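Below is one structure; the comments refer to it alone.
Bear in mind these aren't lab numbers, they're just calculated from the coordinates by the rules spelled out. Here the structure is a predicted model, which means the values were calculated and not measured. Here the Cβ is made from the backbone with ideal geometry for all residues, glycine too, and neighbour counts use every protein chain on show.
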Amino acid sequence: MDEKPFHVEKRTFKNGLTILFIPRESELVVFHLVLGLGNIFEGEGERGVSALLQETLLKGTKRQSGVDFSREIERFGATIQSSSNYFTGKVVMEGPGEVAEDLLALFLEAIKTPAFLPEEVEKEKRFLIDLLRSLDDDPLKAAMLRFKRAFFGRHPYAFPTLGEMQSLERMTREQVVSWYERTFVPNNMVLAVVGKFNKNRIERILERELGSIIPREFAFPSRNHFFPASLKIVDCKEVRDSWVVLGFRAPGILETKARVAFDVLNNVLGGGMYSRLFVKIRENRGLSYQVGSVYMPLLGPSFICAYCGFAPCYFDTVVGILREEFRNLLNLSEEEFNEAKAYTRGMFLHGFESVASLASLFAFYERIGLGWEFPFQYEAMLRDLSLDEAKAIYRKFVGHGESLGAIMPVV
C-alpha cells in the first residue's frame, strides 16, 4: 500500500481516552476497546485476575442479568466478547451499523456498570481452573508451557494467560472489582469505531458518557533487564510421542525493525507448509507429523521457538536438527528470503480485509504506543528490509538464552 486507503480521525479526551473513528463501506459497525491488561501487570498472588475480570465482565450489569443482557445483544443481531492476553485486554462488539447507537448504549453499559455478581465470579473462576488443568492434556501445549517456564523463569510471561492455579483458588470478588477499577480507566483505553456509523452522534455520546470520567495513574511497565533462565525442563506423561519446544530470545514488539526481520525469518523456518522445518523433518525424513515455529513478539522479553512431535527414539536427532536449522538461517538465499517476504506481506494484508480486523489492528497499535499508523510503517519496513539487514539482526539473537521444554512418554 503506497498510500493510506483509510480515513482515520483520532480524538483524545482530556481524561486520556483515545477514540479512533474509521468509517468504512460496510453494513457493520465495530466497537473495539483495547486496554493495558494481562500477565505483565499482575504480581505474585494476582496471576489470572485479568482473565477472571474479562470472563466475568459480560455476565450481567447493574441494570440487568447476564441472560437478559445477552438476549438484548442478540435481539439486535450483534455479538460482544471480552478477553485478555499477556499485555492487553479487549472488549469487542460487532453488529448492524443501522443500530449503531443502540449497540453503543449496550457496549457502554457493559464496560461502565458490570455487576460482578459473586456467583458469576465463582463460576468463572472454576471455569478458568478447569481450563488450566486441561492445558496439560494436549502434549504440544504441555511442552510449550514447560518451554515458557524454562525461558521466562518467574517472569509473568512464564504463566498461562489464564493465570496460576493457586492464585485463582484464593481470588475474591473484591480483587476482581479492584482490578476493574484500576484498569478500566480512560487513560488506559483506546476505542476504535469502525464501519457504518454517524460520526457526530457517536462522538457526542462517547464524550457525554466517557469524557468526564476521572483518570487514574496508569502506565505500561518500563523495560527491565531480563535474562532468560536458559533451562531445560523435560517431564514424563502418559503420551505416545515425544514433544519438544526449543527456542531463544528474540526482539520485542517495540523493536520494530528487528521484529519485521524475525517475522520473515520465522516464516522461512517454520511458518508455512513448505518451510525449512517442514521439509527437513517431515517431508525428507518422515520424523514428524507436526512441526513448525513460533515467533512471539511481546511487550518486553520475547522469544522464537521451534516445536516438533516425534517418536521418542528420535529425541536427540530432532533437537539436533532444530538447532541446525536455526543456525542455517544465516545461510539464507536471496530467493528464499524474497519468497518469505512476499508470504509475510500476504499474511499481514489480511488484517485490512474486514471492519473487525481493522478495528483490532489500529486500536492495538495505538494502545501499545506505536500509533495506529504503525501497520503502514510495518509494510514499508518489510518492503525495504534487505537480506543482509535481516541476517545482521538475527546474528545478534541466535542461540542467546536457549531454552527447552519437552514431554516424553512414561517408560
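What trypsin sites (Lys or Arg not before Pro) does the range 143-241 have in DSSP loop regions with at most 11 other beta carbons within 10 Å?
Details: sites: Arg146, Lys148, Arg149, Arg154, Arg170, Arg173, Arg182, Lys196, Lys199, Arg201, Arg204, Arg208, Arg216, Arg223, Lys232, Lys237, Arg240; in loops: Arg154, Lys196, Arg216, Arg223, Arg240.
Loop-located and lightly packed - Arg154, Arg223, Arg240.
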Let me know the shape class of the range 6-106, please: from the alpha-carbon gyration tensor, a ≥ b ≥ c as square roots of the eigenvalues, rounded when a/c is under 1.5, otherwise prolate if a/b is greater than b/c, or oblate.
oblate
Please list, by residue number, everything in the range 171-192 whose backbone N is under 17 Å from a paramagnetic label point 7 Å out along Cα→Cβ of Glu119.
173
Given H placed 1.01 Å from N in the peptide plane, which residues other than close sequence neighbours of Gln290 have an amide H under 5 Å from its amide H?
Gly309
Here the alpha-carbon Rg of the range 104-153 over 2.2 N^0.38 Å rounds to 1.75
To one decimal place, what Kirkwood hydrodynamic radius in Å is obtained for the chain from all pairs of distinct Cα atoms?
22.9 Å
How are the alpha carbon pair distances in the range 339-411 distributed across 10 Å bins from zero to the largest one, expressed in percent?
15, 31, 29, 18, 6, 1
Here, trypsin sites (Lys or Arg not before Pro) of the range 322-401 satisfying both criteria (DSSP loop; at most 14 other Cβ within 10 Å) are Lys396
In debye, nearest 20: dipole of the chain around its Cα centre with unit charges on the Cβ of K, R (+) and D, E (-)?
780 debye
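Rounded, prolate or oblate: pick one for the range 294-335, where a ≥ b ≥ c are the square roots of the eigenvalues of its C-alpha gyration tensor, a/c under 1.5 means rounded, and failing that, prolate if a/b is larger than b/c, else oblate.
Details: a/c = 2.85, a/b = 1.26, b/c = 2.26.
Because a/c hits 1.5 or more and a/b fails to exceed b/c, the range 294-335 counts as oblate.
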Taking θ = phi - 60°, what integer Hz values does the Karplus form 6.51 cos²θ - 1.76 cosθ + 1.60 yield along the range 400-410, in sequence order, with x for Gly and Pro?
6, x, 3, 9, 9, x, 8, 10, 10, x, 5
Note, ³J(HN,Hα) from phi for the range 79-88, Karplus 6.51, -1.76, 1.60, rounded to Hz, x at Gly and Pro:
9, 9, 8, 9, 6, 9, 9, 5, 8, 9
Given H placed 1.01 Å from N in the peptide plane, which residues other than close sequence neighbours of Ser83 have an amide H under 5 Å from its amide H?
Lys90
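So which trypsin sites (Lys or Arg not before Pro) in the range 1-62 pass both tests, a DSSP loop state and at most 13 other Cβ atoms within 10 Å of the Cβ?
Numbers: sites: Lys10, Arg11, Lys14, Arg24, Arg47, Lys59, Lys62; in loops: Lys14, Arg24, Arg47, Lys59, Lys62.
The qualifying sites are Lys14, Lys62.
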Sorted from largest down, give the three principal axis spans of the alpha carbons of the range 113-189, whole angstrom values.
40, 30, 19
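Give Lys62/Lys141; Lys125/Lys148; Lys90/Lys280 a once-over and call out the pairs whose C-alpha atoms are over 29 Å from each other.
Working: Lys62/Lys141 38 Å; Lys125/Lys148 23 Å; Lys90/Lys280 39 Å.
From Lys62/Lys141; Lys125/Lys148; Lys90/Lys280, over 29 Å: Lys62/Lys141; Lys90/Lys280.
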Whole-number D in µm² s⁻¹ for the range 161-303, Kirkwood Cα-pair radius fed into Stokes-Einstein, 20 °C, 1.002 mPa s:
104 µm²/s
Among the lysines, which have Cα under 23 Å from the Cα of Lys257 when same-chain residues fewer than 8 positions away are ignored?
Lys4, Lys341, Lys391, Lys396
In terms of modelled amide H atoms, which long-range or inter-chain residues lie less than 5 Å from the amide H of Ser302?
Ala250
